[in-house]
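I have placed the structure first, in the form of structure tokens, so that the comments after it can refer back to it.
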Amino acid sequence: MTSQIEKTFSTGRSYSDYEVLLAVRSRPPLPVGLVSTALTDAGGDPTGVILTIRDQSHVRDLKERMRRSDRLAAIGLIAAGIAHEIKNPLVASAVRPSS
């Protein structure tokens with residue numbers, strides 16, 4: 001987090017979508033998204049940095065649920081294909097020549 005603030009201050013540019021784990025007492029680390037914006041004076045020289053911290057734990061949970069859902073959908077497709085093949089097996093039928 002400190003490196004992003006220093007980078008923003010030294011370059012005068014804004015940075016966003018930077019994710020880090022924030023250490024919280026008596027809790028597991030909290031995933032957060034950082035957005036840093038440089039504050040400049042009238043001459044355009046950096047005078048400070050605004051740092052916005054957003055809780056990303058819900059976004060991470062949603063991504064994990066989507067991954068799990070995709071895996072279950074793929075397993076369902078495989079199971080449906082296997083069930084179809086058991087019910088209607090692929091058979092090479094011999095073609096009889098007509099007399």
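The values are calculated or read from the model by the stated rules, or taken from the named source; none is laboratory data. Please read these numbers as outputs of a predicted model, since none were measured by experiment. Neighbour counts are summed over all protein chains in view; Cβ atoms, including those assigned to glycine, are modelled from backbone coordinates with ideal geometry. Accessible surface is based on the protein model in full, side chains and every heavy atom, while ligands, DNA and RNA are left aside. Shrake-Rupley method; radii C 1.70, N 1.55, O 1.52, S 1.80 Å.
For the reader, a short list of remarks on this structure follows.
- SER3 passes every criterion in (1) small (Gly, Ala, Ser); (2) open to solvent by less than 50 Å² (accessible area, probe 1.4 Å); (3) assigned to a helix (DSSP H, G or I) apart from (2).
- For GLU64, the requirement of being in a strand (DSSP E or B) and at pLDDT below 90 is not met.
- No other residue among ARG54, ARG25 is part of a loop (DSSP other than H, G, I, E, B) and charged (D, E, K, R) apart from ARG25.
- Residue match in segment 37-46 (condition: free of Cβ contacts under 8 Å to residues at least 40 places away in the same chain, loosely packed, with under 14 Cβ neighbours inside 10 Å and within 26 Å of VAL59 (Cβ to Cβ)): no
- Inside segment 47-80, residues that are over 20 Å from PRO31 (Cβ atoms), surrounded by 12 or more Cβ atoms within 10 Å (Cβ to Cβ) and among the hydrophobic types (A, V, I, L, M, F, W, C) make up a count of 2.
- Among the conditions (1) over 20 Å from the mean Cα position of the chain (by Cα); (2) surrounded by fewer than 10 Cβ atoms within 10 Å (Cβ to Cβ); (3) at pLDDT below 85; (4) charged (D, E, K, R), the only one that ARG27 does not satisfy is (3).
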